[in-house]
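Visitor: Dropping a structure here in structure tokens format, bear with me for questions.
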Amino acid sequence: MFTQQIGRNGRHVGQVARRLARAGQVRGYAAPASSGGGFRRATSMALVGLTFSTVGAAGMWYTLQQSGMGFFSDEDSLKRFVPGDDEARLVEETINKHPLVAELRANPNLTESRPHMKMPVSYRSHTLTGAALAGPGKMAVPPYVWLEEGGKSIVCISYVGDDLCGHPGIVHGGFLATMLDEGLARCCFGALPHNIAVTANLSVDYRKPTPAGSFLVLRATTTKVDGRKAWVKGHIELLADPGEKPAILTEATGLFISPKYASMMPKIA
Ligand SMILES: *[C@@H]1O[C@H](CO)[C@@H](O)[C@H](O)[C@H]1NC(C)=O
Ligand SMILES: *[C@@H]1O[C@H](CO)[C@@H](O)[C@H](O)[C@H]1NC(C)=O
């Protein structure tokens, strides 16, 4: 079991960072200040539209595209996160030296990225997983993703800290459902028109409690594609030491649909 109480090491630094983050209205991961900040007003106005209707969402993406707000490439996304405290530094180091990561990086069929770091700051700061659930004590670093071409499969490695619990010391099930929702959707993007999808349904089975302070591996495969629909199956397991069988914590299946307005949505995968 690859569980570590990294959170405590960075706690004091984390609290300071949180106060600073609130003061500066910057949520989630620290990033270069220059990235996309100029579009904040257009973005927040447009994001209000998203909550009202599909028409509102389409309007938002149209506004973003018109204002020239582009997303960063897979390659650039890997360079954009700078750990801001001891917790994040230790998590980065642990992930980067893990044998599974070496194996994934050596596989020519996979493309590595950090999807949240593809988003401009003004977009990411309004997202659930790129801002509200990100940062010290939560998802301390942006997850790493390896995607197989054509939306066939995904492997995602992340770390969940001490502050996203339901029961004490146990990660909240809704957080895991959110991870599965996003991971399974991202898995099939490449199999669908316009490389994007929204969730039609998601079924989650909780097998074992997920300890806080864990490195998590999400694995998923697209099992069927029919026009604008894709069915995906996946699970979250603990990052295992070499030779150890990973403990499966949570399993899920979902149906994802590329919406009719997909051509206007930003390409986030
Ligand atoms: C890459 O994909 C090809 C074709 O599906 C497969 O034969 C090969 O084993 C894959 N390579 C790895 C390292 O998984
Ligand atoms: C999801 O929707 C599909 C198509 O309507 C359906 O076949 C499947 O049973 C649904 N899955 C769940 C878990 O509701």
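Visitor: Could you give the length gained by full extension between LYS229 and HIS167, i.e. 0.36 nm per residue of separation minus their alpha carbon distance, to one decimal place?
Guide: Working: separation 62, 0.36 × 62 = 22.32 nm, distance 3.58 nm.
Taking 0.36 nm per residue and subtracting the Cα distance, the gain is 18.7 nm.
Visitor: Further question: Taking the simple approach of a point 7 Å from Cα along Cα-to-Cβ for both HIS194 and GLU149, what is their distance in nm?
Guide: Those two pseudo-labels are separated by 2.5 nm.
Visitor: Arrange the peptides 79-85, 253-259, 237-243 so that the one whose residues have, on average, the most other Cβ atoms within 10 Å appears first.
Guide: Ranking, from highest mean packing down: 253-259, 79-85, 237-243.
Visitor: Also, I was wondering about something else. In Å², what does the accessible area per residue of the range 60-201 work out to with a 1.4 Å probe?
Guide: Details: 5450 Å² over 142 residues.
Roughly 38 Å² per residue, with all protein chains present.
Visitor: Quick check: Cα centre of the range 219-269 to Cα centre of the range 99-131, how many Å?
Guide: So the two Cα centres are separated by 14 Å.
Visitor: Want the number for ASN96 to ASN201: 0.36 nm per residue separation, take away the alpha-carbon distance, what's left?
Guide: Numbers: separation 105, 0.36 × 105 = 37.80 nm, distance 3.35 nm.
Value of the extension gain: 34.4 nm.
Visitor: Roll a 1.4 angstrom probe over the protein heavy atoms and tell me the percent of accessible area of the range 155-269 that is carbon or sulfur.
Guide: The C+S portion of the solvent-accessible surface of the range 155-269 is 55 percent.
Visitor: Along the charge dipole of the range 122-269, Cβ charges K/R +1 and D/E -1, which of TYR123, ASN195, GLY234 sits furthest on the positive end?
Guide: About the Cα centre, the residue reaching furthest to the positive side is ASN195.
Visitor: Students often check this: by mean Cβ neighbours within 10 Å, which of 200-206, 189-195 ranks highest, and how do the rest follow?
Guide: So the order, starting with the most tightly packed, is 189-195, 200-206.
Visitor: Between ASP241 and ASN107, what is the label-point separation in nm under the 7 Å Cα-to-beta-carbon projection?
Guide: 2.4
Visitor: Follow-up question, since we're still on this one. Quick one: compute the contact order of the range 115-269, relative version, from alpha carbon pairs under 8 angstrom and 6+ residues apart, as a percent.
Guide: Relative contact order, the range 115-269: 23 percent.
Visitor: OK, next. Projecting each Cα onto the charge dipole of the range 113-269 (Lys/Arg +1, Asp/Glu -1 at the beta carbon, about the Cα centre), which of ALA247, PRO136, CYS156 comes out farthest on the positive side?
Guide: Farthest towards the positive end: CYS156.
Visitor: Checking the table LYS152/LYS260; LYS138/LYS260; LYS79/LYS245; LYS118/LYS208; LYS79/LYS233 against a 26 Å threshold on Cα-Cα, which pairs fail?
Guide: LYS138/LYS260; LYS79/LYS245; LYS118/LYS208; LYS79/LYS233
The values are calculated or read from the model by the stated rules, or taken from the named source; none is laboratory data. Please read all numbers here as calculations on a predicted model, not as lab measurements. Neighbour counts are summed over all protein chains in view; Cβ atoms, including those assigned to glycine, are modelled from backbone coordinates with ideal geometry. Heads up: the accessible areas ignore ligands, DNA and RNA and are worked out on the full protein's heavy atoms, side chains in. Shrake-Rupley method; radii C 1.70, N 1.55, O 1.52, S 1.80 Å.
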